[in-house]
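Shown next, in structure tokens, is the structure this report addresses.
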Amino acid sequence: MPSPLDNLVATGKLHAEPAAQAEIDGLLRSGGVRIADAEKSSNSLESRFDLAYNAAHAFALAALRHRGYRSDNRYLVFQVLAHTVGLSNVEWRVLDGAHKKRNLTEYEGVTDIDEALVDATIRVAREVERRVRALGAVSA
């Protein structure tokens, strides 16, 4: 039986592509720098949110790449976290909310970011990072 990720390849929403350790390492490094800056309360709340969201995206993309897939859709890398690292629906919904807020901020100028969203996004991003790192090195 094909996996949910393979089904997304069949529909063209994902692309199968061999995992590249250097790419995964770069995404983890990028996400790590951003999440560390997001955790600094001296940064503005809007900056912290942007950093946390982009860190979460880097970690989620690293998880997808580790599994041997690539997506052209920014949102899809969050949607498949249950299949790439076993993230719960509750945790995934935090990133869903962050993505929606990010789009409102980017495309409509809405800037009502609150501390609770930033903290939750950081918490879930760190969990995705932990799970991706637990996957270990890509097998050759």
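Values quoted throughout were computed directly from the atomic coordinates according to the rules given, and no laboratory measurement underlies them. This structure is a prediction, so every number in the text was calculated from the model and none was measured. Every residue, glycine as well, gets a Cβ built from its backbone with ideal geometry; the counts of neighbours run over all protein chains shown.
Taking a ≥ b ≥ c as the square roots of the eigenvalues of the Cα gyration tensor of the range 61-140, is the shape rounded (a/c under 1.5), prolate (a/b larger than b/c) or oblate?
prolate
Mind pulling the angle between the C-alpha long axis of helix 45-66 and the longest principal axis of the chain? Nearest 10 degrees, somewhere in 0 to 90.
10 degrees
I'd like to compare 94-102, 117-125: which one has the highest average count of other Cβ atoms within 10 Å, and what's the full order after that?
In decreasing order of mean packing, 94-102, 117-125 become 117-125, 94-102.
What is the sum of charges, Lys and Arg at +1 and Asp and Glu at -1, for the other residues whose Cβ falls under 12 Å from the Cβ of residue 16?
In short, +2.
Within 13 Å, Cβ to Cβ, of residue 117, how many net charges do the neighbouring residues add up to if Lys/Arg are +1 and Asp/Glu are -1?
Every neighbour counted, the sum reads -1.
Once you place label points 7 Å from the Cα toward the Cβ at residue 103 and residue 45, how far apart are they in nm?
According to this spin-label approximation, the distance is 2.3 nm.
Straight-line reach from residue 13: which aspartates and glutamates have Cα under 17 Å away, leaving out those fewer than 8 places along the same chain?
Partners found: 72.
Sort the following peptides by mean Cβ neighbour count (other Cβ atoms within 10 Å, averaged over residues), highest first: 32-39, 83-90.
32-39, 83-90
Between the range 93-114 and the range 1-68, what's the alpha-carbon centroid distance in Å?
Cα centres, the range 93-114 to the range 1-68: 18 Å.
From the helices alone, meaning DSSP H stretches of at least four residues, give me the mean residue ellipticity at 222 nm for the chain, per-run term -39500 (n - 2.57), in deg cm²/dmol to the nearest 500.
-22000 deg cm²/dmol
Grab the other residues whose beta carbon is less than 14 angstrom from that of residue 33, score K and R as +1, D and E as -1, and report the net.
Summing Lys/Arg as +1 and Asp/Glu as -1 gives 0.
What angle do you read, to the nearest 10 degrees and between 0 and 90, between the alpha-carbon axis of helix 115-135 and the longest principal axis of the chain?
Approximately 30 degrees, to the nearest ten.
I'd like the orientation of helix 89-108 relative to the chain: the angle between its Cα long axis and the longest Cα principal axis, in ° from 0 to 90, rounded to 10.
60 degrees
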